[in-house]
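What follows is one structure encoded as structure tokens, with my remarks underneath.
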Amino acid sequence: PASKTAQLDLSGQRWVITAGPTREAIDPVRYISNHSSGKMGYAIAQAAQLAGAEVQIISGPVSIGVPDGCKKIAVESALQMHQQALELANKADVFVACAAVADYRVSDVATQKIKKSADEMQLNLVKNPDIVADVAALPAKPFTVGFAAETQDVAHYALDKLKRKNLDMIAANNVALLGQGFNSDDNALTVFSSKNKTELPLASKKILAEQLVQLISQHYIEKK
Ligand code: CTP
Ligand code: CA
């Protein structure tokens with residue numbers, strides 16, 4: 001319930017949240033990207049800010065407004081998001097990776113618009129750095145929370161990411177289910193830490209964000 005967040009006191013804590021998609025340029029007029037409205041990340045930012053935290057959102061291009069009292073750092077590409085994240089995470093208490101980062105970028109971005117010619121064409125892609133994994137590898141590692149948007153075997157893939165990226169928590173959702181994830185206003189999450197599993201059933205992203213911030217805060221305090 002909303003009252004839980006009201007009781008939360010995050011004052012003195014610095015939270016850094018990545019949100020939205022990244023855009024990987026192909027040429028001056030085209031890009032590769034992911035589905036992501038930014039709604040979940042911005043809702044988490046708002047909930048943390050209302051509970052007293054100092055909140056910075058590192059955001060890819062989205063069409064929603066910045067929550068009151070939060071600071072937004074606008075980025076486009078995964079490399080830009082990576083650079084900002086590592087810089088800000090060094091001084092953060094909590095880092096939440098909500099962004100839908102493009103896994104690959106175009107290896108040679110064309111400086112001029114690519115003209116249509118042959119019936120088939122290839123794009124060469126190179127893997128982007130893993131932002132949340134690099135944050136979790138910092139000597140000054142903040143309490144690090146990832147997301148896992150999966151279409152199948154949700155728990156299996158989420159637990160694998162928790163371990164592989166050395167995260168403190170991961171919030172998993174099944175984006176194949178109708179009315180959840182992506183552009184939806186609602187979502188349902190299963191949250192894993194190394195010891196616990198918590199189900200946050202289908203609710204508005206606002207309510208879910210409040211519950212998740214509460215859960216993150218509990219685990220962060222326990223870990224300190
Ligand atoms: N993430 C990140 N940097 C990347 C890719 C992902 O910080 N280059 C973060 C996301 O913000 C999310 C978590 O890692 O918090 C999991 O993202 P996801 O795309 O589900 O995992 P991947 O490791 O990219 O694996 P895959 O896409 O193959 O499932
Ligand atoms: Ca990915």
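The values are calculated or read from the model by the stated rules, or taken from the named source; none is laboratory data. Here the structure is a predicted model, which is why all the values come from computation and not from measurement. Note that we place each Cβ from the backbone using ideal geometry, even for glycine, and neighbour counts take in every protein chain shown.
Restricting the first member to the stretch 117-130 and to residues that are farther than 11 Å from Glu24 by Cβ and of a type in the set (Lys, Arg), and the second to residues that are at pLDDT 95 or above and surrounded by 10 or more Cβ atoms within 10 Å (Cβ to Cβ), the beta-carbon pairs closer than 9 Å and six or more apart or on different chains are Lys127/Asp103; Lys127/Tyr104; Lys127/Arg105.
Scanning the stretch 12-62 for residues that are within 20 Å of Asn90 (Cα to Cα) and among the polar types (S, T, N, Q) yields Gln13, Thr18, Gln49, Gln56, Ser59. Per the conditions (1) surrounded by fewer than 14 Cβ atoms within 10 Å (Cβ to Cβ); (2) out of contact with any strand residue (DSSP E or B) (no Cβ under 6 Å at 6 or more places or on another chain); (3) farther than 20 Å from Gln49 by Cβ, the sole criterion not satisfied by Pro201 is (2). Tallying residues that are away from ligand 2 (no atom under 14 Å from the Cβ) and either under 20 Å from Ala188 (Cα atoms) or not polar (S, T, N, Q) (or both) within the stretch 145-166 yields 9. Residues in the stretch 90-115 that are within 16 Å of ligand 1 (Cβ to nearest atom) and loosely packed, with under 14 Cβ neighbours inside 10 Å: Ser107 alone.
May I ask you to verify whether Pro139 is modelled with pLDDT of 95 or more, of a type outside the set (S, T, N, Q) and within 9 Å of ligand 1 (Cβ to nearest atom)?
Values: modelled with pLDDT of 95 or more: yes; of a type outside the set (S, T, N, Q): yes; within 9 Å of ligand 1 (Cβ to nearest atom): no.
Criteria not met by Pro139.
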